[in-house]
Amino acid sequence: MFKPLLFVLASIYVVYGKHEEYDGHSLYQVRVENAYQVDQLMNVVERLLLDVWTYAQPEQDGLILVSKELKPLFEEELKSIGVEFAIDTENIKDKLDLEDQLLANASIADAGRTHRGLSFDVIHRYAVVDRYLSDLARQYSNVRVASGGKSVEGRDIKYLRISSNNFQSGNKPVVVIQSLLHAREWVTLPVTLYAIHKLVIDVTEQDLIRDIDWVIIPIANPDGYEFTHTRTRMWRKNRRTGFGRCIGVDLNRNFDFAWGIASSNQACADTFHGPKAFSEPETQMTRDIINRYRSRIELFIDVHSFGSLILYGYGNRQLPPHSNTLQQVAVEMARRIDAVKWPANRNYRVGNIAQVLYQASGGCSDYAQARIGNKLSYTYELPAYRNLNNMNGFLVDPAFIRQAGYETWEGIKFAARYVVKKRNLSFEN
């Protein structure tokens with residue numbers, strides 16, 4: 001089998017004097033009353049280049065990370081537009097240090113254990129996952145590892161094709177799952193790794209292999225992901241240079257669907273859409289997979305965090321013709337997740353991305369929806385788990401890693417079986 005100890009040692013978190021750049025940064029909770037305040041708040045965010053963790057809506061408070069230097073100006077701006085605010089976390093560095101410590105402790109505790117495959121007690125680094133995908137392909141006949149190309153910094157973007165007949169049956173639907181398009185969303189990686197585990201190593205539901213071909217992309221943004229481990233934990237974009245002092249493109253604004261409309265043209269902004277649609281090798285990789293299997297993709301899921309949401313297109317407020325079906329399937333996926341979720345986490349909400357969250361353009365799931373037509377394309381936003389350690393947002397408590405994979409898989413399984421049933425009915429007719 002595998003060498004779990006080597007995998008774990010490669011994932012050990014060394015806790016030292018890091019995260020200094022976040023010292024004094026505060027996480028603000030903001031409350032808006034109407035659409036006008038939403039727009040005014042977003043103008044402030046754009047002008048000050050702030051880090052939005054969750055977008056404020058009249059029925060939902062937002063979370064915004066603000067540097068020590070900008071806090072007085074930010075508070076003045078909020079008062080001027082009548083937006084209520086409170087400080088959720090006084091110094092986010094304390095939480096980042098705590099995350100490091102928890103993950104380091106989990107890695108040490110996990111080092112002596114034997115696993116079939118990768119452990120679900122730690123967050124694995126790029127090199128560990130990259131090697132794991134190749135090892136699976138060597139050891140299991142129904143697994144093929146493929147390269148979608150190289151990232152901006154030259155890292156291989158690997159993905160798995162899992163099939164009982166090497167994708168030779170045109171009658172089988174294809175399901176695509178992707179995670180870590182946004183670098184800092186570490187908790188999304190266990191979702192794709194858990195899916196791989198249940199489809200390859202711990203197979204208890206044979207129909208999911210017999211009736212479906214799977215494409216799974218665990219790390220869609222390898223450069224950004226590594227950068228969050230080695231330097232800047234809250235980094236979101238890829239690592240594209242060439243924009244002066246600013247670095248990175250928001251890959252989830254770089255797809256060719258309504259590109260450049262509801263995103264930022266400021267290169268320093270977290271939602272910078274890049275110089276043109278598909279300017280980045282990472283988005284080109286996903287595009288090519290979608291187009292390669294376009295006629296067979298029945299379900300596409302892009303996994304993000306956070307918010308306990310299942311969202312569908314389009315981000316420009318238009319609805320696909322089959323939006324009722326998208327809504328109904330999303331509701332059932334949410335019910336499956338809610339049935340096994342941790343009680344402390346709120347129930348999933350479902351709906352159109354622009355209606356539930358905000359307008360956005362150039363999104364991955366929107367592009368997938370436009371290409372595959374009346375099939376199913378979703379963005380998942382995983383829970384923001386809070387526990388006694390008060391870990392919130394993008395920060396990961398090791399206790400939630402396996403649970404994140406397990407509960408999300410329950411929702412994915414429902415949708416996967418739904419598309420099998422639907423496709424079989426279409427062939428019978």
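The values are calculated or read from the model by the stated rules, or taken from the named source; none is laboratory data. Values in this document were obtained by computation on a predicted structure and should not be read as measured data. Here Cβ is always computed from backbone atoms with ideal geometry, including for glycine, and neighbour counts include all displayed protein chains. Ligands, DNA and RNA are excluded from the accessible area calculation, which covers all protein heavy atoms including side chains. Shrake-Rupley method; radii C 1.70, N 1.55, O 1.52, S 1.80 Å.
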* Given the peptides 115-126, 89-100, arrange them by the average over their residues of other C-beta atoms within 10 Å, most packed first. => 115-126, 89-100
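Using Cα-Cα distances under 8 Å and only pairs 6 or more residues apart, what relative contact order does the chain have, in percent?
Working: 886 pairs, mean separation 70.3, N = 429.
Computed value for the chain: 16 percent relative contact order.
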* To do: Give the shape of region 200-241 as rounded, prolate or oblate, defined through the alpha-carbon gyration tensor: a ≥ b ≥ c are the square roots of its eigenvalues, a/c under 1.5 means rounded, and otherwise the shape is prolate if a/b is larger than b/c and oblate if not.
  => prolate
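Over the chain, with every protein chain in place, what whole percent of the accessible area is carbon and sulfur at 1.4 Å, could you tell me? Kindly include the intermediate steps, with their values, before the conclusion.
Values: 7920 of 16590 Å².
Answer for the chain: carbon and sulfur cover 48 percent of the accessible area.
Would you tally the net charge around Arg239, using a Cβ to Cβ cut-off of less than 9 Å, leaving Arg239 out, and scoring K and R as +1, D and E as -1? Each step should come with its number before you reach the end.
Working: positive: Lys237, Arg240; negative: Glu153, Asp223, Glu226.
Once positives and negatives cancel, what remains is -1.
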* Structure fact -> Cβ-Cβ cut-off under 15 Å around Asn34, Lys and Arg +1, Asp and Glu -1: the net charge is -4
* To do: State the Kirkwood hydrodynamic radius of region 289-371 in Å, one decimal place, computed from all pairs of distinct Cα atoms.
  => 13.7
* To do: Step through the residues of region 299-309 one at a time and calculate ³J(HN,Hα) from phi using the Karplus curve (6.51 cos²θ - 1.76 cosθ + 1.60, θ = phi - 60°), rounding each to whole Hz and writing x for Gly and Pro.
  => 8, 10, 10, 9, 9, 10, 9, 9, x, 6, 9
* Asked: Using modelled backbone amide H atoms (1.01 Å from N, in-plane), which distant-in-sequence or interchain residues come within less than 5 Å of His304's amide H?
  -> Tyr380, Glu381, Leu382
* Asked: With charges set only on the Cβ (+1 for Lys and Arg, -1 for Asp and Glu), what does the dipole of region 325-429 come to about its Cα centre, in debye to the nearest 20?
  -> 260
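Counting only other residues whose beta carbon sits under 12 Å from that of Gly313, what net charge do I get with K and R as +1, D and E as -1? Mind dumping the intermediate values first?
Details: positive: Arg317, Arg371, Lys375; negative: Asp302, Asp366.
In short, +1.
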* Highest-first arrangement of 346-354, 24-32, 217-225, where packing means the average Cβ count within 10 Å -> 217-225, 24-32, 346-354
* Asked: Mind checking the log10 I(q)/I(0) for region 288-429 at q = 0.16 Å⁻¹? Debye, one equal scatterer per Cα, no solvent, two decimals.
  -> -0.85
* **Percentage of interatomic Cα-Cα distances in the chain larger than 42 Å** => 9
* Counting only residues 5 or more places away or on other chains, whose amide H sits under 5 Å from the amide H of Asp256 once H atoms are built in the peptide plane? -> Phe278
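Students often check this: by mean Cβ neighbours within 10 Å, which of 296-302, 178-184, 238-244 ranks highest, and how do the rest follow?
178-184, 296-302, 238-244
First check a/c for region 110-259, with a ≥ b ≥ c the square roots of the eigenvalues of its C-alpha gyration tensor; if it is under 1.5, answer rounded, and if not, answer prolate when a/b is larger than b/c or oblate otherwise. Write out the running numbers ahead of the final one.
Details: a/c = 2.30, a/b = 1.45, b/c = 1.58.
Oblate shape, in that a/c is at least 1.5 and b/c is the bigger or equal ratio.
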* Cα extents of region 135-197 along the three principal axes, largest first (Å) -> 36, 24, 23
* Structure fact -> Applying a 4.7 angstrom Cβ cut-off across the chain, unpaired cysteine residues come out as Cys364
* Structure fact -> Diffing region 372-379: the Karplus 3J(HN,Hα) column from phi (6.51, -1.76, 1.60, θ = phi - 60°), in whole Hz with x for Gly and Pro, holds 9, x, 7, 9, 10, 9, 9, 10
* What residues have an amide H closer than 5 Å to that of Leu181, excluding those fewer than 5 places away on the same chain, when H is modeled at 1.01 Å from N in the peptide plane? -> Ala220
* Helical contribution to [θ] at 222 nm, DSSP H n ≥ 4, -39,500 (n - 2.57), averaged over the chain, rounded to 500 -> -11500 deg cm²/dmol
* **Point-charge dipole on Cβ atoms (K/R +1, D/E -1) for the chain, about Cα centre, debye to 20** => 1600
* Asked: With each pseudo-label sitting 7 Å past Cα toward Cβ, what's the Glu332-Gln101 distance in nm, one decimal?
  -> 4.6
* Just name one of Ile87, Val32, Gln60: the one whose Cα is farthest towards the positive end of the charge dipole of region 12-88 (beta-carbon charges, Lys/Arg +1, Asp/Glu -1). => Ile87
* Rounded to whole Hz, the Karplus (6.51, -1.76, 1.60) HN-Hα couplings of region 170-186, x for glycine and proline -> x, 8, 7, x, 9, 10, 10, 10, 10, 9, 6, 5, 9, 4, 7, 8, 4
* To the nearest Å, what is the center-to-center distance of region 174-190 and region 41-109, using C-alpha atoms only? -> 23
